[in-house]
Amino acid sequence: MSRIGKQPIAVPSGVTASIVDGVFKTKGPKGELTVPFNTALTVKQEGDQIVVTRPDDRQDHRSLHGLTRTLVANAVKGVSDGFTINLELRGVGYRAKLTGKNLEMSVGYSHPVIIEPPVGVTFTVPEPTKIDVSGIDKQLVGQVAANVRKARKPDAYHGKGVRFLGQKIALKAGKAGATGGKGKK
């Protein structure tokens with residue numbers, strides 16, 4: 001039995017769930033999400049918990065079991081609490097600001113980088129060097145955060161760029177000649 005798949009999902013108060021024809025729908029204070037799942041699996045609500053079960057131990061059913069449970073759990077957590085990914089900008093003159101709903105970043109190019117959020121995702125800039133990406137869909141929030149990071153990935157030599165908060169960058173050593181080593185004679 002899948003260790004993740006067999007765990008029941010607790011449904012917090014204020015969140016409603018319905019399962020109809022291979023689609024799990026959940027609604028909460030933050031919004032509404034739908035998760036399609038393979039109809040070979042069974043998703044049912046038992047009181048204030050949701051349980052995902054599989055019919056047998058076939059390889060494809062085992063692989064879908066934990067995945068389906070995780071997707072349903074993320075939907076329930078998203079509509080009740082939401083998801084937030086924190087990014088930080090490192091570099092001289094690197095900063096971000098909001099212009100309307102769009103994120104405008106100065107990250108070393110001759111022009112500002114403007115990123116428009118998709119529906120369901122919001123940007124907040126608590127400090128000029130910090131960006132928060134928030135929403136109810138975990139996959140969409142992660143993809144938007146990755147797209148923001150792609151505007152200027154962290155440099156391996158200086159560490160400048162957009163990185164996830166707390167991300168460690170292994171810096172490479174520069175050229176040996178640049179450190180004052182022996183030159184040609």
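The values are calculated or read from the model by the stated rules, or taken from the named source; none is laboratory data. Just so we're clear, the structure is a prediction, and the values are computed from it rather than from any experiment. Don't worry about glycine lacking a Cβ; one is built from the backbone with ideal geometry, like all the others, and counts go over all protein chains shown.
If you filter the range 81-93 down to residues that are within 23 Å of the chain's Cα centre (by Cα) and in a loop (DSSP other than H, G, I, E, B), you find that the one that is surrounded by the fewest Cβ atoms within 10 Å (Cβ to Cβ) is Asp81. Taken as a whole, the range 31-39 holds at least one residue that is touching a Ser or Thr at 6+ places or on another chain (Cβ under 7 Å), closer than 11 Å to Val72 by Cα, in the same structural domain as His61 (by TED's automatic domain parsing) and surrounded by 14 or more Cβ atoms within 10 Å (Cβ to Cβ). Quick check on Val92: is it closer than 30 Å to Asn147 by Cα, in the same structural domain as Pro117 (by TED's automatic domain parsing) and either at pLDDT below 90 or β-branched (Val, Ile, Thr) (or both)? The answer is yes for Val92.
May I ask you to list the residues in the range 113-127 that are at negative phi and not in a strand (DSSP E or B)?
Glu116, Pro117, Pro118, Val119 - these are the residues of the range 113-127 that are at negative phi and not in a strand (DSSP E or B).
Of all residues in the range 129-165, those satisfying the criterion of being aliphatic (A, V, I, L, M) and not in a helix (DSSP H, G or I) are Ile131, Val133, Ile136, Ala151, Ala156, Val162, Leu165. The test for being surrounded by 17 or more Cβ atoms within 10 Å (Cβ to Cβ) and farther than 20 Å from Val141 by Cβ does not hold for Gly47. Within the range 121-151, the set of residues being under 19 Å from Gly166 (Cβ atoms), of a type in the set (D, E, K, R) and in contact (Cβ under 8 Å) with a residue 60 or more places away in the chain comprises Lys138, Arg149.
Selection over the range 147-158 of residues that are in contact with a strand residue (DSSP E or B) (Cβ under 7 Å, 6 or more places away or on another chain) and of a type in the set (A, V, I, L, M, F, W, C) gives a count of 2.
Against the list (1) small (Gly, Ala, Ser); (2) exposed (fewer than 11 other Cβ atoms within 10 Å of the Cβ); (3) in contact with a helix residue (DSSP H, G or I) (Cβ under 9 Å, 6 or more places away or on another chain), the condition Gly120 fails is (2). Only a single item in (1) within 26 Å of Ala73 (Cβ to Cβ); (2) without any contact (Cβ under 8 Å) to a residue 24 or more places away in the chain; (3) assigned to a loop (DSSP other than H, G, I, E, B) is not met by Ser110, and it is number (1).
With the structure loaded, tell me whether Leu165 is surrounded by 11 or more Cβ atoms within 10 Å (Cβ to Cβ), touching a Pro at 6+ places or on another chain (Cβ under 8 Å) and closer than 30 Å to Leu67 by Cβ or whether it fails that test. Judged against the criteria, Leu165 is not a match. Looking across the range 96-120, just one residue is closer than 18 Å to Phe164 by Cβ and either among the small types (Gly, Ala, Ser) or within 11 Å of the chain's Cα centre (by Cα) (or both), and that is Ala96. Checked across the range 174-182, the condition of being under 30 Å from Lys25 (Cα atoms), among the hydroxyl-bearing types (Ser, Thr, Tyr) and out of contact with any Ser or Thr (no Cβ under 6 Å at 6 or more places or on another chain) holds for no residue. Tell me, please, whether a residue that is exposed (fewer than 14 other Cβ atoms within 10 Å of the Cβ), touching a strand residue (DSSP E or B) at 6+ places or on another chain (Cβ under 6 Å) and not β-branched (Val, Ile, Thr) can be found in the range 137-146. No, there is no match, as no residue in the range 137-146 is exposed (fewer than 14 other Cβ atoms within 10 Å of the Cβ), touching a strand residue (DSSP E or B) at 6+ places or on another chain (Cβ under 6 Å) and not β-branched (Val, Ile, Thr).
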